[in-house]
Amino acid sequence: MGSHFAAYLIPLSTVIGLWAGGPWSWLTVGLVYGVVPLLDQAVGRRPAIDDAAQTVAARSRTADGALYLALPVQCGVLLLLAVVWQGEAGLLERVGWIASAALSCGGLGIVIGHELVHRRDRTLYRLGKCLLGTVLYTHFAVEHVRGHHARVGTDADPASARQGQSVYAFIPRSIIRQFLSAWDLETHRLARAGQGAWTLRNEVLVGWGLQALWLAGIAAVFGLEVMAVMIVVAALAVTLLEVVNYIEHYGLRRYPGPDGRLEPVRAQHSWNSDHLVSRRLLFELPRHTDHHMNGGRPYQTLRSVAGAPQLPAGYPTMVLLALLPPLWFRVMDPRVAAVSATAA
């Protein structure tokens with residue numbers, strides 16, 4: 001399981017780009033969207049994991065150790081960006097820094113933040129929220145765990161893309177509705193405890209406070225321009241997260257049974273990818289089918305579920321494909337139809 005430390009190549013490449021500047025500022029972009037898709041294609045899928053390997057993985061200290069590094073690494077990358085931003089650099093170089101930092105925050109920070117907010121240990125949960133706070137998205141911890149996992153594959157879930165919906169139509173709708181859903185979930189939780197929404201027990205409000213402190217600290221030390229850069233990096237990282245949400249459930253639906261209740265979450269409600277390289281870089285997030293069927297299962301023990309619908313390529317390639325809606329629909333709509341026919 002130590003192979004998941006390879007994920008830190010993403011922030012490492014960002015640090016190199018920030019330090020060296022020039023064409024190197026685009027190193028992370030080239031790694032994620034150039035090298036990784038080629039390696040995914042060359043290495044291919046690795047679906048099998050036996051019970052013995054899962055047992056060893058579950059007991060591995062390095063598996064969780066790979067998660068604990070994420071917050072200091074993410075903060076280090078962003079602080080380095082703040083420092084170099086104040087030096088001399090051209091426009092293309094600065095754009096490369098922003099794009100690379102956003103990929104690091106989205107490809108490592110949000111992925112590990114997602115993993116940690118699923119953990120029952122409150123310390124790990126808070127660590128995950130701090131990671132999400134660096135990209136101004138702490139309410140995701142509330143909505144994703146209590147909202148998305150319960151409503152996946154339905155019209156009530158903002159993060160489940162409908163067939164025929166482009167990623168450009170999906171992203172703003174998902175972002176806005178997830179925020180509203182998080183607020184609604186928290187206010188209802190507090191109401192059941194006899195409390196109003198405007199309290200420090202409201203996770204959404206506390207998250208706002210953490211994010212405001214983060215931005216205020218950046219502004220106080222580095223100035224308003226750097227604070228604006230951090231907001232842009234966060235917006236791009238969140239956009240990447242939402243593109244991944246789009247990919248993970250596109251067109252897959254859950255329906256009510258004869259008794260009117262929604263069918264349970266099954267294999268056919270999430271797209272799976274067993275491409276080994278992008279799995280390792282994303283802490284097994286592409287094994288999304290098992291994650292939704294067993295939300296509390298640690299990343300290192302996620303399995304390839306028999307009968308799960310399979311993406312034709314790894315996540316980085318699918319992100320690029322999603323940005324070209326006509327090509328996306330041509331590739332994915334026949335697969336959605338096949339899944340629907342099999343489920344029926």
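The values are calculated or read from the model by the stated rules, or taken from the named source; none is laboratory data. These numbers were taken from a predicted model, which means no experiment stands behind them. Here the Cβ positions follow ideal geometry from the backbone for every residue, glycine too, while neighbour counts run over all protein chains shown.
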Flagged in the stretch 190-234 as among the aliphatic types (A, V, I, L, M), touching a residue at least 40 places away in the same chain (Cβ under 8 Å) and within 21 Å of P172 (Cα to Cα), in numbering order, are V204, V229, M230, I231, V232, V233, A234
Out of (1) surrounded by 14 or more Cβ atoms within 10 Å (Cβ to Cβ); (2) out of contact with any Lys or Arg (no Cβ under 7 Å at 6 or more places or on another chain), the one H188 does not meet is (1)
Expected single match for in a helix (DSSP H, G or I), within 25 Å of L81 (Cβ to Cβ) and under 15 Å from the mean Cα position of the chain (by Cα) among E242, E248 is E242
*So is G260 surrounded by fewer than 21 Cβ atoms within 10 Å (Cβ to Cβ), within 15 Å of the chain's Cα centre (by Cα) and not in a helix (DSSP H, G or I) or not?*
no
Checking L327, L321 in turn, the sole residue that is surrounded by fewer than 17 Cβ atoms within 10 Å (Cβ to Cβ) and either assigned to a loop (DSSP other than H, G, I, E, B) or modelled with pLDDT of 95 or more (or both) turns out to be L327
Those residues of the stretch 191-230 that are surrounded by fewer than 16 Cβ atoms within 10 Å (Cβ to Cβ), more than 20 Å from C130 (Cβ to Cβ) and aliphatic (A, V, I, L, M) come to a total of 4
From the option list R254, R280, single residue qualifying as under 23 Å from R335 (Cβ atoms), basic (K, R) and either modelled with pLDDT of 90 or more or surrounded by fewer than 19 Cβ atoms within 10 Å (Cβ to Cβ) (or both) is R254
Filtering the stretch 131-140 for residues that are part of a helix (DSSP H, G or I) and either modelled with pLDDT under 95 or touching a Leu at 6+ places or on another chain (Cβ under 6 Å) (or both) leaves a count of 3
